[in-house]
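All of the numbers you see were taken from the coordinates with simple rules; none came from a lab. Predicted model only: the values in this text are computed from it and were never measured. Glycine gets a Cβ as well: all are built from the backbone with ideal geometry, and neighbour counts include every protein chain shown.
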Amino acid sequence: MDTLIIGGGPAGLTAACFSPRPALVLERLGTPARKLMATGGGRCNVTHAADAAGIGAAFGRHARFLAPALRAFPPDALRAFFRNLGVETLAEPDGCVFPVSQKAADVAQALVRAARANGAEIRCGVRATRLIVGNGDGVKGSPPRITGVETNHGILRANRVILAAGGRSYPDLGSDGSGFALAKAAGLDVTPSAPALAGLFTQEAWPGTLAGILVENGGLRLDGPGDSKRFFHGPLLFTHKGLSGPPALDLSGEIAARLLDSPSVPLRATFLASRQPQEWLALFEEWRRQHGGRALHNLLSGELPRSLATTLCGLAGAADTAVARAKRDVLTALAEACANLPLHATGTESWNRAMVTRGGVATHELDPATLACRRLRGLACAGEVVDVDGRCGGYNLTWAFASGRLAGLSGG
Ligand SMILES: Cc1cc2nc3c(=O)[nH]c(=O)nc-3n(C[C@H](O)[C@H](O)[C@H](O)COP(=O)(O)OP(=O)(O)OC[C@H]3O[C@@H](n4cnc5c(N)ncnc54)[C@H](O)[C@@H]3O)c2cc1C
């Protein structure tokens with residue numbers, strides 16, 4: 001066998017579509033692309049209408065590592081690729097791109113068809129259990145080489161192997177962390193994994209009393225030293241245990257990683273991202289002049305959801321206070337509560353609810369130009385098994401497709 005691909009998800013299938021020689025895809029579940037079918041609530045947010053640099057920025061610390069893969073397969077090329085496979089896509093006003101049919105299954109089926117059309121065999125129900133590492137090319141000092149894969153159905157020899165076994169999130173959909181174990185056992189550095197794109201649990205109990213309330217124009221930021229720029233703006237959703245919505249999800253990977261070393265992570269929430277504390281204060285002064293007899297929480301509920309307005313007034317010590325009677329320090333505290341409220345994250349939702357995995361095969365193990373392993377010849381890695389995780393909005397699938405393509409073309 002020339003090329004073995006471990007994992008029949010978007011990264012592995014795309015690698016099979018672009019492999020110059022027919023590939024054998026090993027998929028441990030009974031059908032390929034189970035997770036892909038569940039993406040975007042079954043609609044599949046395939047990519048984001050941005051250029052390669054814009055996509056890279058959504059990955060923060062790894063933007064430089066991703067650049068070659070994304071430059072070679074930016075969103076426009078990705079959409080053209082799917083168009084050629086019969087899947088038209090459409091960008092929504094926020095930039096998220098979905099298939100026109102709104103069906104993730106169409107994306108998955110098109111990929112499977114294209115991989116097969118390129119000569120790939122997709123063998124389901126086969127689990128890779130070990131990467132077989134040989135002694136290099138027999139030349140003294142040459143790096144060791146992958147010679148095959150051990151599976152639950154015996155040993156398969158191969159000239160090159162692409163590891164695309166995904167991360168650890170939603171294990172029922174296939175990726176249960178076995179890709180990390182395979183890489184580690186073969187001697188690669190694998191950074192510890194933590195759930196990402198997951199809801200946050202807060203130390204404070206009050207968010208739970210607002211469960212189900214959505215604040216359209218909210219925002220959340222990390223509040224540690226040097227964190228002033230770690231701010232995400234967007235709809236904030238209160239849940240029974242804390243916060244969700246894009247800003248919370250986008251910060252969750254970083255928070256989960258910090259929680260490995262610390263019991264809580266300080267945050268600041270804003271409930272009208274465009275408005276600063278002094279602007280809130282100016283508004284309260286105007287209310288004082290114009291509506292002095294009215295209760296603050298009633299006035300505030302014209303700006304924010306009523307239950308949130310009541311809660312924030314309570315937190316600021318202005319539960320039933322008429323605006324004219326509120327002391328300046330109470331108004332200042334309320335302005336801070338609206339624009340800069342301290343919270344503490346103490347956990348994130350578990351692997352069963354986290355959409356992606358932070359951590360994985362360390363990027364320094366891979367050549368970004370080819371995604372081939374520097375220390376293990378014949379092996380390349382693609383998709384979520386690599387220590388790369390991006391924001392909500394189609395970015396993670398963009399990486400899966402772009403890295404799968406690059407590894408398929410050149411890997412190993
Ligand atoms: C509910 C949900 C919704 C999401 N929605 C979006 C979205 O709309 N847009 C977006 O960009 N991202 C989304 N994501 C993230 C995105 O799905 C992943 O980043 C992407 O699927 C990663 O692709 P992958 O091919 O690397 O891994 P996976 O999709 O996890 O595929 C890996 C495959 O490898 C197989 N496998 C694992 N171990 C082995 C083994 N040892 N032997 C053989 N096979 C193995 C697995 O069964 C699996 O099929 C979502 C994730 C979830 C969970």
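As a footprinting exposure proxy, order 48, 153 by other Cβ within 10 Å, with the fewest listed first.
153, 48
Give the relative contact order (percent, whole number) for segment 215-299; include only Cα pairs under 8 Å separated by 6+ residues.
In percent, rounded to a whole number, it is 30.
Of 35/241; 140/184; 103/241, which pairs sit farther than 28 Å apart, going by alpha carbon to alpha carbon?
103/241
When only Cα pairs under 8 Å and 6 or more residues apart are kept, what is the percent relative contact order across segment 1-87?
Across segment 1-87, relative contact order equals 20 percent.
To test your reading of the geometry: what angle, between 0 and 90 degrees and rounded to tens, separates the Cα axis of helix 75-84 from the longest principal axis of the chain?
Once rounded, the angle reads 60 degrees.
Which cross-chain or sequence-distant (5 or more) residues have an amide H under 5 Å from the amide H of residue 9, H modelled 1.01 Å from N in plane?
Under 5 Å from the amide H of residue 9: 33.
If you count the DSSP beta bridges with both ends in the chain, what percent of them are antiparallel, to the nearest 5?
Details: 45 of 62 bridges.
For the chain, the DSSP antiparallel bridge percentage is about 75.
Listing 170, 395 from the residue with the fewest other Cβ atoms within 10 Å to the one with the most, what is the order?
Details: 170 20, 395 29.
Taking fewest neighbouring Cβ atoms as first place, the list is 170, 395.
If I model the chain as equal point scatterers sitting on the Cα atoms and use the Debye formula, what is log10 I(q)/I(0) at q = 0.06, 0.10, 0.11 Å⁻¹?
Here log10 of I(q) over I(0) equals -0.29, -0.70, -0.80.
Between segment 277-313 and segment 167-191, how far is it from one alpha carbon centroid to the other, in angstrom?
50
Toward the positive end of the charge dipole of segment 199-349, about the Cα centre and with charges on Cβ (Lys, Arg +1; Asp, Glu -1), which of 218, 249, 310 goes farthest?
310
If you average the C-alpha positions of segment 106-147 and of segment 37-72 separately, how far apart do those two centres end up, in angstrom?
Taking the Cα centre of segment 37-72 as reference, the centre of segment 106-147 is 24 Å away.
List the residues, sorted by chain then number, that are 5 or more residues from residue 372 or on another chain and whose placed amide H is less than 5 Å from its amide H.
Amide H to amide H, under 5 Å and 5 or more residues apart or across chains, residue 372 pairs with 367, 412.
Highest GNM mean-square fluctuation, the chain, Cα pairs closer than 10 Å: which of 68, 225, 144?
Among 68, 225, 144, the largest mean-square fluctuation in the Gaussian network model of the chain belongs to 225.
Between segment 336-379 and segment 251-268, what is the C-alpha centre distance in whole Å?
13
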